[in-house]
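Trainee: Got a structure for you, written out below as structure tokens; questions coming shortly.
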Amino acid sequence: MTTPLLALTLHLEDVLVVGAALFAIGLYVALSKRNAIGVLMGVELMLNAVNVTLLAFSRFIESEQPLDGQVFAVFVITVAAAEAAVALALAVAIYKHRETVNIDEIDLLRW
């Protein structure tokens, strides 16, 4: 029997490096953008990096309850969806009031 040409072995460290890279990119985007939508995209990328890490631990670590990481990832996805809906609604409301979504120009606490 021959081995497949594209047989890949994936280790926990590989997935953790990908998760760390996604988190770093998301953190950079969230801190460097001046647009509210760009900041939200960075936050979503960080949450997805956490999901990748949770699923990696769920897949590669032996435990009595192997679905804990996957269930927690589903909860994170649910919270991320709710956060995105609320944040986008706030961004639309601020845009209607101030006609900008630039974070430097939004000063709603000032009279």
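The values are calculated or read from the model by the stated rules, or taken from the named source; none is laboratory data. Predicted model, so just to flag it, every value in this text is computed and none were measured. All Cβ positions, even for glycine, are placed from backbone atoms using ideal geometry, and neighbour counts span all protein chains on display. Heavy atoms of the whole protein, side chains included, go into the accessibility calculation; ligands, DNA and RNA do not. Shrake-Rupley method; radii C 1.70, N 1.55, O 1.52, S 1.80 Å.
Trainee: Can you find a residue that is modelled with pLDDT under 90, open to solvent by 80 Å² or more (accessible area, probe 1.4 Å) and not acidic (Asp, Glu) anywhere in the stretch 23-32?
Mentor: no
Trainee: Would you confirm, using the coordinates I've provided, whether ALA73 is crowded, with 18+ Cβ neighbours inside 10 Å and either touching a residue at least 60 places away in the same chain (Cβ under 8 Å) or touching a His at 6+ places or on another chain (Cβ under 7 Å) (or both)?
Mentor: Numbers: crowded, with 18+ Cβ neighbours inside 10 Å: yes; either touching a residue at least 60 places away in the same chain (Cβ under 8 Å) or touching a His at 6+ places or on another chain (Cβ under 7 Å) (or both): no.
No, not satisfied.
Trainee: Between residues in the stretch 11-24 that are within 15 Å of MET46 (Cβ to Cβ) and residues that are open to solvent by 60 Å² or more (accessible area, probe 1.4 Å), which pairs lie under 8 Å by C-beta distance while being six or more apart or on different chains?
Mentor: Qualifying pairs under 8 Å: LEU22/ASN48.
Trainee: Among what's in the stretch 76-111 and is without any contact (Cβ under 8 Å) to a residue 40 or more places away in the chain and of a type in the set (Asp, Glu), pick the residue that is most open to solvent (accessible area, probe 1.4 Å).
Mentor: The extreme case among them is GLU99.
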